[in-house]
Amino acid sequence: MAPLTALVLAGTRAGGDPLADYAGVSHKALIEVGGRTMVERVVEALAAAPEVLRIVVAIERPELLEGLPGLAPSRCAKPLEAMPTEPGGPSATVAAALRRLGTPLLATTADNALLETAWIAEFRAKVPADADLAAALARRDAVEAAAPDTRRTWLRFADGDHSGCNLFLLARPKAADAIAVWQTLENERKRPLRMVRRLGWTFAARYALGRLPMQAAANRLGMLAGGARLAIVALSDGRAAIDVDKPDDLDLVRRLVAASPSPARGRGS
């Protein structure tokens, strides 16, 4: 397998982030979990992955990363650099990173605080060789087995409910077409009728009725992206879908970390 560059999205929303305000920090990425900031935990897991060659953290103010011990060369086993975020949101930042860094590019978020190196290996191993872009999901039963009290956003496919894991592989240059579709949908997120019209009414109706298979959804989105091959990969550990978007998530992640054994180098939990 070709070595990867890993991208960590650590920016904040244009109007600020309520969770960062709740925790008393400027960026959600700087919230501490188990004695380390979330961005440090994510970088540690990535740095321990043999397939990751270098790590790039996207954040508006790179100086915010200075002084974090987990990002120092003495602690981070891989070359690490920062790049600015784009004003257009996460999809615009990923598009800029893809132009700058090329493929294959592994993308995740700084609030993916439970990230483990083993999940990266499983994800990479399950991505089909011909995929241009792959996204990791976890089945609802696996998520609820790992954390029965978690509240997730569920994607309701005909083959079961799933939740996103904030882990993506942009495997080939054709992934840029899929990112362009993501940007369009992100720009239209407050205009649902326009989004549905773009996706197709039949597609939307099948999804609303729970009759759309997961791979059919990937195929439809791939068609919209100029024929890009999209793959959806289900990870076995339900914790992979638990990120930190609200105070309840933060409390849950802190409990999971406190209850787990002391992590070995390269584990995010």
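Tally up the residues in segment 76-105 that are in contact with an Asp or Glu (Cβ under 8 Å, 6 or more places away or on another chain) and farther than 20 Å from Lys28 by Cα, please.
So the answer is 3.
State whether the residues of segment 217-226 include one that is part of a loop (DSSP other than H, G, I, E, B), over 20 Å from Thr108 (Cα atoms) and either in contact with a helix residue (DSSP H, G or I) (Cβ under 7 Å, 6 or more places away or on another chain) or touching a residue at least 12 places away in the same chain (Cβ under 8 Å) (or both).
yes
Does segment 66-106 hold any residues that are free of Cβ contacts under 8 Å to residues at least 60 places away in the same chain and on the phi > 0 side of the Ramachandran plot, and which are they?
Listed by number, the list holds a single entry, Gly67.
Go through segment 52-70 residue by residue and tally those that are part of a loop (DSSP other than H, G, I, E, B) and modelled with pLDDT of 95 or more.
Looking only at that region, the number is 2.
Going by the structure shown, is Lys78 over 16 Å from Leu105 (Cβ atoms) and either at pLDDT below 90 or in contact with a Leu (Cβ under 9 Å, 6 or more places away or on another chain) (or both)?
Spelling it out, it is not the case that Lys78 is over 16 Å from Leu105 (Cβ atoms) and either at pLDDT below 90 or in contact with a Leu (Cβ under 9 Å, 6 or more places away or on another chain) (or both).
I need the full set of residues from segment 205-251 which are touching a Ser or Thr at 6+ places or on another chain (Cβ under 7 Å) and surrounded by fewer than 19 Cβ atoms within 10 Å (Cβ to Cβ), in order please.
Answer for segment 205-251, where residues must be touching a Ser or Thr at 6+ places or on another chain (Cβ under 7 Å) and surrounded by fewer than 19 Cβ atoms within 10 Å (Cβ to Cβ): there is none.
On the basis of being at pLDDT below 90, surrounded by 16 or more Cβ atoms within 10 Å (Cβ to Cβ) and small (Gly, Ala, Ser), does Ala176 make the cut?
Considered against the rule, which asks whether it is at pLDDT below 90, surrounded by 16 or more Cβ atoms within 10 Å (Cβ to Cβ) and small (Gly, Ala, Ser), Ala176 comes out as no.
Go through (1) of a type in the set (A, V, I, L, M, F, W, C); (2) farther than 19 Å from Asn219 by Cα; (3) modelled with pLDDT under 95; (4) in contact with a Leu (Cβ under 9 Å, 6 or more places away or on another chain) and name the single condition Trp154 misses.
(4)
For (1) closer than 17 Å to Asp243 by Cα; (2) under 14 Å from the mean Cα position of the chain (by Cα); (3) free of Cβ contacts under 8 Å to residues at least 40 places away in the same chain, each residue gets a yes or a no:
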{"residue": "Thr5", "(1), (2), (3)": "no, no, no"}
{"residue": "Thr12", "(1), (2), (3)": "yes, no, no"}
{"residue": "Ala29", "(1), (2), (3)": "yes, yes, no"}
{"residue": "Met38", "(1), (2), (3)": "yes, yes, no"}
{"residue": "Ala49", "(1), (2), (3)": "no, no, no"}
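The values are calculated or read from the model by the stated rules, or taken from the named source; none is laboratory data. This structure is a prediction, so every number in the text was calculated from the model and none was measured. As a convention, Cβ positions derive from the backbone with ideal geometry for all residues, glycine included, and neighbour counts pool all protein chains shown.
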